[in-house]
Amino acid sequence: MTGLHVPADLEAWQRWRARRTPLRTVKRRLRPSAAPHRMAWTNSPDPPRAAVGVAATTASGRAALVAPLGHLGATPTLVYAEQEIGHLLPSWVPVPAPARLPRSVQVVLADGHYLGLGHDLWAEARERGLPYLMAQHGLITPLAPPLAPGGRLLAWTAEDGRFWGCTRGDVSYEVVGSQLLWTAGTRDETVAGEPFASDGPAQSLTYLGQGHAAEISRARLVQAAWSTCREHGAVYRPHPSESDSASRAVLAGYARAGITVDTRGVPLVDLTGPIVSVFSTGVLEAAARGRDAWVDFPRPPAWLGEFWERYGMHRLGSSPTPAPALPPQEPARRIAEIVTEAAS
């Protein structure tokens with residue numbers, strides 16, 4: 001089984017990823033961003049016992065790090081973010097973000113140390129000997145960043161824990177499951193938003209775009225999407241990250257070729273038609289919802305075939321991908337329990 005390309009060295013991973021995404025790297029160097037302004041919220045007037053870093057507000061990021069906040073009960077907690085997330089925390093109170101973790105904090109929850117916020121929280125936790133919990137929020141490819149030294153991964157599956165940990169002795173994992181897939185699999189149609197059942201494109205095979213991905217060259221991803229959409233009459237649904245000039249040019253090319261490009265931004269769980277992609281988490285989300293879902297890619301590299309097998313994804317032309325197994329306890333509740341126990 002192949003593993004991570006860079007199992008432990010974060011700087012080596014950052015250099016390797018920069019080589020795989022040269023355009024984005026050049027843009028960052030030409031337009032360096034200012035130091036991020038960090039904001040904070042709390043659920044209690046008491047000194048915080050836990051700290052949570054919310055680096056992403058995507059659906060997967062909210063499921064992994066925001067959803068557990070609703071189950072923390074009376075545990076005083078401080079939430080950090082580099083963008084406004086007050087609308088996601090309606091009962092929490094904004095407070096000035098402290099430059100360093102309050103001395104009262106006993107545990108830190110984030111998604112890893114590969115971005116600025118998570119890295120700073122990890123560095124302070126490591127300095128003080130605090131537990132550093134990392135909530136998995138997506139499927140794991142060989143390009144995944146290395147886990148933070150000394151950290152504890154809250155994994156979707158045991159296979160993910162073993163793959164991501166790469167037999168490292170300085171990290172551990174506990175299987176909690178995926179809140180993203182739990183929500184998809186338990187969503188009540190009677191209270192859910194109105195599905196787009198009458199919308200024509202939503203009933204067609206929808207190709208979930210991944211033109212932003214660094215694991216496979218853009219040229220191969222474009223050709224794969226082109227051929228699948230043309231052969232099967234699929235609608236192309238761009239990833240939110242496909243907004244740069246190169247992506248816009250590709251989408252225009254699809255449109256000229258007669259491929260319908262769906263830019264409505266309909267939540268994936270509201271799509272009622274079948275799904276296909278290369279290795280998107282959305283394939284498992286759709287399968288969890290009971291939708292037909294497949295993966296497809298011509299001449300897949302060895303790692304991609306192993307990825308499909310690890311997650312039980314079925315190739316287009318075979319039976320649909322089965323719904324992923326759900327854990328006995330809601331993952332967000334379990335993560336909150338782990339945080340609460342560590343904060344005691």
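What to note about this one:
- Excluding ligands, DNA and RNA, the accessible surface per residue across the chain is 46 Å² with a 1.4 Å probe.
- Placing +1 on the Cβ of every Lys and Arg and -1 on the Cβ of every Asp and Glu, with nothing else charged, gives the range 206-311 a dipole about its Cα centre of roughly 260 debye.
- Cα gyration tensor shape for the range 26-183, rounded if a/c is under 1.5, else prolate or oblate: rounded
- Gyration tensor verdict on the range 206-311 (Cα atoms; rounded if a/c is under 1.5, prolate if a/b is larger than b/c, oblate otherwise): oblate
- Highest-MSF residue in the chain out of 143, 154, 180 [GNM, Cα springs under 10 Å]: 143
- Springs between Cα atoms under 10 Å define the GNM used for the chain, and in it the highest mean-square fluctuation of 183, 75, 167 occurs at 167.
- The chain: most fluctuating residue of 15, 49, 218 per GNM, C-alpha cutoff 10 Å: 15
- Per-pair calculated FRET efficiency, R0 = 35 Å: residue 263 and residue 299 via Cβ, rounded to 0.05: 0.75
- In this simple spin-label approximation, residue 124 and residue 37 carry label points 7 Å from Cα along the Cα→Cβ vector, and these lie 1.9 nm apart.
- When nucleic acids and ligands are ignored and a 1.4 Å probe is applied, residue 244 ends up with an accessible area of around 30 Å².
- Sites residue 19 and residue 219, calculated FRET efficiency, Cβ-Cβ separation with R0 22 Å, nearest 0.05: 0.85
- Axis angle, to the nearest 10 degrees, between helix 10-20 and the longest C-alpha principal axis of the chain: 20 degrees.
- Heavy-atom accessible area ranking, 1.4 Å probe, most first, across 207, 173: 173, 207
- Paramagnetic reach from residue 93 (point 7 Å along Cα→Cβ, amide N under 13 Å) across the range 41-57: 41-48
- DSSP beta bridges fully contained in the chain are about 20 percent antiparallel.
- In Hz, Karplus ³J(HN,Hα) per residue of the range 106-121 (6.51, -1.76, 1.60; θ = phi - 60°; x = Gly, Pro): 10, 7, 10, 10, 8, 10, x, 10, 8, 10, x, 4, x, 5, 5, 5
The values are calculated or read from the model by the stated rules, or taken from the named source; none is laboratory data. This one's a predicted model, so the numbers in the text were calculated from it and none came from an experiment. Counting neighbours? That spans all protein chains shown, and the Cβs are built from the backbone with ideal geometry, glycine included. Surface accessibility is based on the protein's heavy atoms, side chains included, excluding ligands, DNA and RNA. Shrake-Rupley method; radii C 1.70, N 1.55, O 1.52, S 1.80 Å.
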